[in-house]
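Contents: one structure, followed by commentary.
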Amino acid sequence: MGWLWAIIVGFVLGLIAKAIIPGKQHSPLWLTTIFGMLGAIAGNAIARAAGVDATSGIDWWRHVFQLVAAVVIVAVGDAIYMAVRGNKRRERA
């Protein structure tokens, strides 16, 4: 059940990150989900380092860190995806 939950959270975080980033992102949905999962993992690590990973009630700060990390990872990952995809298109031509 843990993996399913991670995929769902990654999917949601990736979509929210795509909506926040201005312009069009070209990475496919499966890659956006992976970027979102990586953002959740990075956000949890940052929250743990900041000492706000376990608070009473809803961990709002942890979720903020996860979202910010997901936005950064989706933006950088999409740029890398387009650079690699663009290079493959030029090689075929």
So Ala6 and His26, fully extended at 0.36 nm per residue minus their Cα-Cα distance, gain in nm 4.9 nm
If R0 = 30 Å, then Ala49 and Ile80, at their Cβ-Cβ distance, give a FRET efficiency to the nearest 0.05 of 0.75
Regression test value, accessible area per residue of the range 12-51, probe 1.4 Å, units Å², expected 54 Å²
Per the rule of 0.36 nm per residue minus the C-alpha distance, extending Ile58 to Ala19 adds in nm 11.7 nm
If every Lys and Arg gets +1 and every Asp and Glu gets -1 at its Cβ, then about the Cα centre the chain yields a dipole, in debye to the nearest 20, of 520 debye
The relative contact order of the chain, taking Cα pairs under 8 Å that sit 6 or more residues apart, comes to a percentage of 33 percent
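The values are calculated or read from the model by the stated rules, or taken from the named source; none is laboratory data. Computed from a predicted structure; not experimentally measured. Methodologically, a virtual Cβ is constructed for each residue, glycine included, from the backbone with ideal geometry; neighbour enumeration extends over all protein chains shown. The accessibility values were calculated without ligands, DNA or RNA, using every heavy atom of the protein model including side chains. Shrake-Rupley method; radii C 1.70, N 1.55, O 1.52, S 1.80 Å.
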